[in-house]
Amino acid sequence: MATLNNQTILDKQTQAYKKLVAQYTAANKQYLADISKSYDAQTKNANSNANAAAAALEKDFRKSYDLNEIQNLISRRLLKEKMANLGLTQSGLNASSNTALAISRQNADDRVTASKAAAAAKIKAQLNNTLASINAAKASDSAKAAKDLADKLSNAYKDYSKQYNSTLQNAVKQKQGGSNSGANLINVYGKLYSIKGANNRKAFLKAVTAAGYITESQRKALLKTLNLRDN
């Protein structure tokens, strides 16, 4: 069993390790929150830009539809005047010509619609690519952060284990040294006679006992032998 002094060291080492783990974990959590906030802002901006481009697209192609309408109205008016001048207002030629104009108008609108759809698809594809890049970067940063935390926690545990085991080994050595300290007791007893003053002798006994050189029971026996109070 560890001595009281060694147990205190063990407790402090454990507390320091737990504190370090908490610091690393908190820093990692804050970093993940920060990068998430940054990437969320990029995602929001990408969507906003895509929405703005889609709105501009609608406006631009509305002009094309309007031009088709104007062109159709002009063509119909010219056809009407021509048929009237020729006296063919009620003729089959007039009817077929108007049908041709209607088909031409529909074809023009279909071309605009196809172009609009292609432009919209391009905007959507660009948005998807941008979002994919953002998500990939976020995932990469998150993975790096996770690995960094794992490495720090692993190194912290290795250092803690090394220090903890060293303290335990020291405690065992002290115990073994105390239990086999017959020769040490003789040396200490002889040394005491070269030390002057009761307080100095008691301080010396406390020091060699704390160092594991003699046992507590041996210290008390020496105090009794020298008629020294244990205080």
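For (1) assigned to a loop (DSSP other than H, G, I, E, B); (2) at pLDDT 85 or above; (3) under 30 Å from Ala55 (Cβ atoms); (4) in contact with a Lys or Arg (Cβ under 9 Å, 6 or more places away or on another chain), each residue gets a yes or a no:
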| position | (1), (2), (3), (4) |
| --- | --- |
| Asp159 | no, yes, no, no |
| Asn187 | no, no, no, no |
| Lys206 | no, yes, no, yes |
| Gly212 | yes, no, no, yes |
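If a residue must be surrounded by 12 or more Cβ atoms within 10 Å (Cβ to Cβ) and part of a helix (DSSP H, G or I), how many such residues does segment 193-202 contain? Reasoning before the result, please.
Initial filter on segment 193-202 (surrounded by 12 or more Cβ atoms within 10 Å (Cβ to Cβ)): 195, 198, 201-202.
Restricting the remaining residues to those that are part of a helix (DSSP H, G or I) gives 198, 201-202.
The number of residues fulfilling the criteria is 3.
Exactly one residue out of Ser38, Ser48, Ser104 is farther than 25 Å from Ala156 by Cα, assigned to a helix (DSSP H, G or I) and either in contact with a strand residue (DSSP E or B) (Cβ under 9 Å, 6 or more places away or on another chain) or in contact (Cβ under 8 Å) with a residue 24 or more places away in the chain (or both): that is Ser104. In the condition set (1) out of contact with any helix residue (DSSP H, G or I) (no Cβ under 7 Å at 6 or more places or on another chain); (2) assigned to a helix (DSSP H, G or I), Gln90 is compliant with all but (2). Only one entry in Ser142, Ser91, Ser161 is closer than 30 Å to Ala26 by Cα, loosely packed, with under 13 Cβ neighbours inside 10 Å and either hydroxyl-bearing (Ser, Thr, Tyr) or outside the structural domain of Leu78 (by TED's automatic domain parsing) (or both), namely Ser161. Beta carbons closer than 6 Å, at least 6 apart along the sequence or on distinct chains, pair a first residue in segment 9-28 that is modelled with pLDDT under 95 with a second that is among the β-branched types (Val, Ile, Thr) and part of a helix (DSSP H, G or I) for Ile9/Thr167; Leu10/Thr167.
Return yes when Lys175 is within 30 Å of Thr14 (Cβ to Cβ), surrounded by 14 or more Cβ atoms within 10 Å (Cβ to Cβ) and modelled with pLDDT under 95 and no when it is not.
Details: within 30 Å of Thr14 (Cβ to Cβ): yes; surrounded by 14 or more Cβ atoms within 10 Å (Cβ to Cβ): yes; modelled with pLDDT under 95: yes.
Yes; evaluated as a whole, the condition is true for this residue.
The values are calculated or read from the model by the stated rules, or taken from the named source; none is laboratory data. The model shown is predicted, which means the values in this text are computed figures rather than measured ones. No Cβ is skipped: glycine too gets one built from the backbone with ideal geometry, and neighbour counts run over all protein chains shown.
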